[in-house]
Amino acid sequence: MSAPLSVAPRRAGTGRARGQRLVVGALVAALVLLLGAGWLLWDNRRLVVTEQAVEVAATPEGGLRIAHVSDLHAAGHGDFQDRLAAEIEQRDVDLVALTGDLIDMRTTDLGSVLDLAEHLSAVAPTFFVLGNHEGDSALREELLAGLEDAGVRILRDEVTSLEIRGTEVTVAGLEDRRVAVVDGRTPAQPAAVLDRLALESAPGPTVLLAHRPEFLAQYADHGADVVLSGHAHGGQVRLPLIGPLFAPHQGWLPALTEGVHRQGDTAMVISRGLGNSVVGVRVNNPRELVVVDLVQESPQGSRRGEKPCSALDAVGDAEAVGGAGLERDEAVLGDGGL
């Protein structure tokens, strides 16, 4: 017959100590969450100004400075648009480029956006191209009329030129393909539009405003010296050691989300954007105003501060990324994600 089991008496205070550890753990977790939320709020509302120098032949004397404003999505947050305007005003820019998604497809009031446009057009000649959200917006025509009244030049698959310090500068703009889809038309490939614009024979440096970066190969094949794009929102979430997480029409771990990318003689400058849409939170990806300085190309042809063309290789051929499959994506899914 086995001896009866003996149970040691519970030491006094054991339960209390365990409860205290649970309380401390909960407080630490709450503090971490609170700090994380505070950092996320701060990171989503701050404005970062990134300066990019791009070497281009035949720039005006003293260079050419462009304020690149993309994907604002009618962002408010108190005085955000005032801060944006003030940053542009103090940068002494020669041009302002609004590269699409100035408003969101859900925007119902154009007042602040048109006030900003009027302010910017008083600072420097201002140009605008439609993005995918303007394509889906019920306020598209009202926006276009308001921008014209504000002195903004709208480029709808058009090219124009202006003289800056004695040098003729060509500015071209492609409207987003989503506009044609919403209007019941078959969207043209960028290459087809650029064939008609004939940028290869345009005078001076050629600046192309085009909302989507994934068509870099087509832009580069048609004589654009500099392309200004957005749309990717910097990948929305940028992870340490990994980089951007997702971009529309590029998918997971996209290559074309920020910075300068060069293919042949064309340099593309991509903005991370200034606002949010359906995905309302950025992570490690602050709002960005890009100031682009076009400078004379050095005799050696070296290009400082630009990402090599290998960045494009991860995306693959732009025709495959943004070509035949794109009409299906737009028709079935729409383009409201970003």
Which distance in Å, rounded to a whole number, links the C-alpha centroids of the range 187-252 and the range 112-162?
19 Å
Can you give me the solvent accessible area of His68 with a 1.4 Å probe, rounded to the nearest 10 Å²?
0 Å²
Using the Kirkwood formula on alpha carbons, the hydrodynamic radius of the range 159-303 in angstrom works out to 16.5 Å
Calculated log₁₀ intensity ratio I(q)/I(0) where the Debye formula runs over C-alpha points of the range 176-215, q = 0.15, 0.25, 0.28 Å⁻¹
-0.44, -0.96, -1.06
When only the heavy atoms of the protein chains count and the probe is 1.4 Å, how do Met268, Met105 rank by accessible area, highest first?
Met105, Met268
Given R₀ = 22 Å, what would the calculated FRET efficiency be for Ala58 paired with Asp92, taking r from the Cβ atoms and rounding to 0.05?
0.55
Name the long-range amide H neighbours of Val54: under 5 Å, sequence gap of 5 or more, or other chain; modelled H, no Pro or chain starts.
Asp293, Leu294, Val295
Scalar couplings 3J(HN,Hα) for the range 199-210 by Karplus 6.51 cos²θ - 1.76 cosθ + 1.60 (θ = phi - 60°), nearest whole Hz, x for Gly and Pro, are 5, 4, 9, 6, x, x, x, 10, 10, 10, 9, 8
Would you rank Asp293, Asp221 by solvent-accessible area, highest first, keeping every protein chain in place and using a 1.4 Å probe?
Asp221, Asp293
Which translational diffusion coefficient, to the nearest whole µm²/s, is obtained for the range 69-108 from the Stokes-Einstein equation, given a Kirkwood hydrodynamic radius over C-alpha pairs, 4 °C and 1.567 mPa s?
116 µm²/s
Classify the range 129-222 as rounded, prolate or oblate from the Cα gyration tensor: take a ≥ b ≥ c as the square roots of its eigenvalues, call it rounded if a/c is under 1.5, otherwise prolate when a/b beats b/c and oblate if not.
oblate
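The values are calculated or read from the model by the stated rules, or taken from the named source; none is laboratory data. Being a predicted model, the structure only gives us computed values, none of them experimental. FYI the Cβ positions are ideal-geometry reconstructions off the backbone, even for glycines, and counts take in every protein chain you see. SASA here: full protein model, heavy atoms, side chains in, ligands and nucleic acids out. Shrake-Rupley method; radii C 1.70, N 1.55, O 1.52, S 1.80 Å.
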